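Asks: This is the structure, below, for whatever I ask next.
The values are calculated or read from the model by the stated rules, or taken from the named source; none is laboratory data. Everything numeric here is computed off the predicted structure, so don't read it as measured data. Because the Cβ atoms are built from the backbone with ideal geometry, glycine has one as well, and the counts that use them run over all protein chains shown.
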Amino acid sequence: MLPFTGEEISRRSFEAAVRLAKAENAIIMPAFLARVPMSLPLETALPVQCARGMPLLEAIEQRASWQGVPVDSRVGRGRSARDALRKLLEQEHFDRIIVSADEDPRAGLSYEDLRWLLERVPTEILILRPAPEDTGRISVQAVSGHF
């Protein structure tokens, strides 16, 4: 599983997921973690968030498929990114979670979320923190095609 919360992810995290999937004949499961405000029911449509996250989900699918890696995308919904991730983990089994430790907690999972993953989730977890000078990102704008 390759969870993300916004409009871009670390290029290094994506590349690691592709390399591991190829080596193990595995499927990449990108997972967009949508936050549902407390004032709304969990089932509420989230057009603004989906307008941000779904194009990246499609971009990841395109890039992975182009490299010959099967993709099975997910959307997790919760009151926070951690809650959405927890709900996904309760619904399905994942052999490995690959996540980027980003300097900007608004861009992905916070350090507290990463600590929660390490302490509570009984699966292999790969946390990548790109070097400060590595600003490579996968985003909708970085993908050629109709995006």
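Asks: So is Arg86 outside any helix (DSSP H, G or I), of a type in the set (D, E, K, R) and under 23 Å from Leu117 (Cα atoms) or not? Spell out how you get there, then give the answer.
Replies: Working: outside any helix (DSSP H, G or I): no; of a type in the set (D, E, K, R): yes; under 23 Å from Leu117 (Cα atoms): yes.
So Arg86 fails the test.
Asks: Let me ask you something else. Within the stretch 21-43, which residues are crowded, with 17+ Cβ neighbours inside 10 Å and either free of Cβ contacts under 8 Å to residues at least 12 places away in the same chain or part of a helix (DSSP H, G or I) (or both)?
Replies: Ala21
Asks: Tell me, please, whether a residue that is without any contact (Cβ under 8 Å) to a residue 40 or more places away in the chain and touching a Ser or Thr at 6+ places or on another chain (Cβ under 8 Å) can be found in the stretch 54-66. Lay out the reasoning, then the answer.
Replies: First pass over the stretch 54-66, keeping only residues without any contact (Cβ under 8 Å) to a residue 40 or more places away in the chain: 54, 57, 61, 65-66.
In the following step, the residues that additionally are touching a Ser or Thr at 6+ places or on another chain (Cβ under 8 Å) were identified as 57, 61.
Among the residues of the stretch 54-66, at least one is without any contact (Cβ under 8 Å) to a residue 40 or more places away in the chain and touching a Ser or Thr at 6+ places or on another chain (Cβ under 8 Å), which makes the answer yes.
Asks: Sticking with this one: Go through Glu61, Glu90 for me and flag whichever is surrounded by fewer than 16 Cβ atoms within 10 Å (Cβ to Cβ) and either modelled with pLDDT of 95 or more or of a type in the set (D, E, K, R) (or both). Let's see the steps before the verdict.
Replies: Working: Glu61 fails: surrounded by fewer than 16 Cβ atoms within 10 Å (Cβ to Cβ).
Testing whether each residue is surrounded by fewer than 16 Cβ atoms within 10 Å (Cβ to Cβ) and either modelled with pLDDT of 95 or more or of a type in the set (D, E, K, R) (or both) leaves just Glu90.
Asks: If you don't mind, another one. Can you pull out the residues in the stretch 1-20 that are over 16 Å from Met54 (Cα atoms) and assigned to a strand (DSSP E or B)?
Replies: Listed by number, the list holds a single entry, Ser10.
Asks: Out of the stretch 9-20, which residues are surrounded by 22 or more Cβ atoms within 10 Å (Cβ to Cβ) and not aromatic (Phe, Trp, Tyr)?
Replies: Passing the criteria: Ile9, Ser10, Ser13, Ala17.
Asks: Being at pLDDT below 70, charged (D, E, K, R) and not in a loop (DSSP other than H, G, I, E, B) is the filter here; which residues of the stretch 97-147 pass it?
Replies: Within the stretch 97-147, just Arg106 meets the criteria.
Asks: Let me ask you something else. Out of curiosity, is Leu56 surrounded by 12 or more Cβ atoms within 10 Å (Cβ to Cβ) and within 13 Å of Met1 (Cβ to Cβ)? Working first, answer last.
Replies: Numbers: surrounded by 12 or more Cβ atoms within 10 Å (Cβ to Cβ): yes; within 13 Å of Met1 (Cβ to Cβ): no.
No, not satisfied.
Asks: When both residues are 6+ apart or on different chains and their Cβ atoms are under 6 Å apart, which pairs have a first residue that lies in the stretch 81-102 and is closer than 23 Å to Glu7 by Cβ, and a second that is of a type in the set (Asp, Glu)?
Replies: Matching pairs, first to second residue: Arg82/Asp113.
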